[in-house]
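I have placed the structure first, in the form of structure tokens, so that the comments after it can refer back to it.
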Amino acid sequence: MRVNEQIRISPVRLIGANGEQLGVVPTSQALEMAREAQLDLVEVAPNERPPVCKILDYGKFRYQQSHKKSKTKVHHQKLKEIRVRPKTGEHDVETKINQARKFLEHNDKVLVNVLFRGRELQHIEEGRRIIDIILDKLAEVAKIEKAPSMEGKRMTAMLAPKTAKG
């Protein structure tokens, strides 16, 4: 971006400090008007013919431009995992639910795993009961993306955050 004396092309289309169109004027006259207002003449559209220049505070303008860039950070959705066992206690399951709720509010997906070992595989209904409790408690903040299913020695379910609009 060219500022003040760096602008060599004449004439320029000038926009005033309050955003009003001042028309096509010679660069020297535009610089004089900017000095009278104790502001800078900044080239905002150099590829136009004639180039568009604006009277504004250049330091403030640069600060606002850098601020706009920092605000447009995109959150990439991650996959978080919650692991429990069929014998996991009620309070521990509550703790895991609270953890999952935080992940969902942060707009991440949650994979709920119930791991079975040894004889626990004979009591799949106990694991199903735990996974149902978790899904019920998270129903207001999440939608079920993949229903609970057995995969080898683990029962898994996938939760996705509900959108703010729906």
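Just so you know, all these numbers are worked out from the coordinates, no wet-lab data involved. It should be emphasised that the depicted structure is a prediction, and the values quoted were computed from it without experimental measurement.
Two numbers describe the Cα atoms of the range 55-166: Rg and Dmax, which are 20.5, 78 Å. Straight Cα distances below 22 angstrom link residue 146 to the lysines 78, 80, 96, 102, 109, 137, 162, 165, with same-chain residues fewer than 8 positions distant left out. Given a 10 angstrom Cα cut-off, can you work out which residue in 24, 84, 110 is the most mobile in a GNM of the chain? Result: 24 has the largest fluctuation of those listed.
Compared with the direct C-alpha span, the chain from residue 2 to residue 67 gains 21.4 nm at full extension, assuming 0.36 nm per residue.
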